[in-house]
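K.L.:
Okay, handing you the structure first.
Computed from the coordinates by the stated procedures, all read-outs in this text should not be read as laboratory data. Computed from a predicted structure; not experimentally measured. Backbone-built Cβ (ideal geometry, glycine too); neighbour counts: all protein chains shown.
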Amino acid sequence: MNAMEKYLKKHTEMLVKDVGIEAAGELIGKSKATIGRYYANNEEHADRFMPINAVASLEAAASFPHVSTALAELNGNKLSLGHENRPSEATVNSDIVALAQRFANLMGEYNLSIEDGVITATEAKRMLSETLELQKVLVDMKLHLESEAKDSKTF
């Protein structure tokens, strides 16, 4: 299996784990065993990849477009997320949830990056991208906290 195939399988696994293997099975109508084969690294499943319609269904339910991002990166592109999965009336509580999700994404990227003991330039760029998104959430949270403190006159 070449590096690109391993990379896609890692991101397929992240997508499935993001959604949950049982929920993924229900969404795409496949068994847990079949889904596991889509990201298995052994040679007998090296040529098995998740169909693109299944990826689209799972990414709609996931917190992050793991496979789409990987495909973009493999082609030298960067995926720009046009919307956040955050309520339009964001509060400190929703900021905390977004912060936890972004931190989990960063830790997932870090875990994948150190798996072979070397952080490549591409892996560092992905971690930087997640770090920047985490920073945006922190800025939003700071603004919401300041706004709430100002409204309650305790700041």
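K.L.:
What distance in nm lies between label points placed 7 Å from Cα along the C-beta direction at ALA124 and GLU22?
P.N.:
4.2 nm
K.L.:
Considering the chain as a Gaussian network with a 10 Å cut-off on Cα pairs, which listed residue, ILE35, ILE96, ILE21, attains the greatest mean-square fluctuation?
P.N.:
ILE96
K.L.:
Another question, if that's okay. Let me have the 222 nm mean residue ellipticity of the chain computed from DSSP H runs of 4+ only, each contributing -39500 (n - 2.57), with the sum over all residues rounded to the nearest 500.
P.N.:
-22500 deg cm²/dmol
K.L.:
How high is the relative contact order of the chain? Use alpha-carbon pairs under 8 Å, at least six apart in sequence, and give a whole percent.
P.N.:
20 percent
K.L.:
Which ³J(HN,Hα) values, rounded to whole Hz and listed in residue order, are derived for the stretch 30-43 from phi using the Karplus coefficients 6.51, -1.76 and 1.60 in 6.51 cos²θ - 1.76 cosθ + 1.60 with θ = phi - 60°, glycine and proline given as x?
P.N.:
Rounded to whole hertz, the list is 10, 6, 4, 5, 5, 4, x, 5, 5, 10, 5, 9, 6, 4.
K.L.:
Would you mind getting the Kirkwood hydrodynamic radius of the chain from its Cα pairs, rounded to one decimal in Å?
P.N.:
Computed over the chain, the radius equals 17.1 Å.
K.L.:
Check which residues have an amide H placed less than 5 Å from ALA62's amide H, if you skip close sequence neighbours.
P.N.:
For ALA62, whose amide H was placed from the backbone, there are no distant partners under 5 Å.
K.L.:
Would you mind putting 97-103, 113-119 in packing order, based on average other-beta-carbon counts within 10 Å, highest first?
P.N.:
Per-residue mean Cβ counts within 10 Å order the peptides as 97-103, 113-119.
K.L.:
Which order do peptides 69-78, 8-17, 126-135 fall in by mean Cβ count within 10 Å, highest first?
P.N.:
8-17, 126-135, 69-78
K.L.:
Could you tell me how many degrees, from 0 to 90 and to the nearest 10, lie between the Cα long axis of helix 3-19 and the main elongation axis, the longest principal axis, of the Cα atoms of the chain?
P.N.:
Tilt relative to the chain: about 50 degrees.
K.L.:
For the stretch 95-105, just list the computed ³J(HN,Hα) in residue order, Karplus coefficients 6.51, -1.76 and 1.60, θ = phi - 60°, integers in Hz, with x standing in for Gly and Pro.
P.N.:
Here the 3J(HN,Hα) series is 5, 4, 5, 4, 4, 5, 5, 5, 5, 4, 4 Hz.
K.L.:
So, one more: Report, in degrees rounded to the nearest 10, the 0 to 90 angle that the Cα long axis of helix 52-61 makes with the longest principal axis of the chain.
P.N.:
For helix 52-61, the angle is close to 30 degrees.
K.L.:
Now, a different point. Calculate how steeply helix 121-152 sits against the longest principal axis of the alpha-carbon atoms of the chain, using the helix alpha-carbon long axis, and give the answer as 0 to 90 degrees to the nearest 10.
P.N.:
The angle comes out at about 30 degrees.
K.L.:
Using a Förster distance of 41 angstrom, determine the FRET efficiency expected from the C-beta separation of SER31 and VAL139, and round it to 0.05.
P.N.:
With R0 = 41 Å, the Cβ-Cβ based efficiency is 0.40.
K.L.:
Here is a further query. Need the full-extension length gain, ASP116 to LYS78, defined as separation in residues times 0.36 nm minus the C-alpha distance. One decimal, nm.
P.N.:
11.3 nm
K.L.:
In a solvent-free Debye calculation with one equal scatterer on each Cα, what is log10 I(q)/I(0) for the stretch 1-82 at q = 0.12 Å⁻¹, listed in the order of the q values?
P.N.:
Taken in order of the listed q values, log10 I(q)/I(0) reads -0.31.
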